[in-house]
Amino acid sequence: MESIKDGTLAGSKEPTTGVILFATQRAGEEIITSLKEGDKVEEDGVVAIIDTMKAAIEVRSPAAGRVHKLLVEPDATVALPGHPILIIRL
């Protein structure tokens with residue numbers, strides 16, 4: 001996973017203003033997304049769906065921007081709770 005240090009993403013010289021979405025609550029949740037890096041995201045737009053055993057939960061973007069980095073494979077099942085999903089560059 002990329003980290004943010006001194007206002008830049010690791011491996012990038014560009015200043016970063018962005019949001020990292022952490023959405024998983026439990027291990028074994030499936031992350032469903034059709035987004036690719038560079039895709040435009042609207043404020044309050046659905047960026048992923050977390051499929052749990054009891055419900056499908058929409059993850060919405062808190063701001064408009066572009067997908068900088070996907071931190072999970074599409075349709076992946078996460079192994080750890082609190083797993084980050086993506087980074088949106090504002």
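Values as computed for the structure displayed
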read-out: Lone unmet requirement of (1) at pLDDT below 85; (2) touching a Ser or Thr at 6+ places or on another chain (Cβ under 7 Å); (3) β-branched (Val, Ile, Thr) for Val41; value: (1)
read-out: Failed criterion for Ala63 (all others in (1) in a loop (DSSP other than H, G, I, E, B); (2) aliphatic (A, V, I, L, M); (3) modelled with pLDDT under 85 hold); value: (3)
read-out: Flag for Thr16 being surrounded by 11 or more Cβ atoms within 10 Å (Cβ to Cβ), touching a His at 6+ places or on another chain (Cβ under 6 Å) and at pLDDT below 85; value: no
read-out: Selection within the range 66-80 - outside any loop (DSSP other than H, G, I, E, B) and touching a residue at least 40 places away in the same chain (Cβ under 8 Å); value: His68, Lys69, Ala76, Thr77
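The values are calculated or read from the model by the stated rules, or taken from the named source; none is laboratory data. All figures in this text were calculated on a predicted structure; none of them were measured in a lab. Virtual Cβ from ideal backbone geometry, glycine too; neighbours counted across all protein chains shown.
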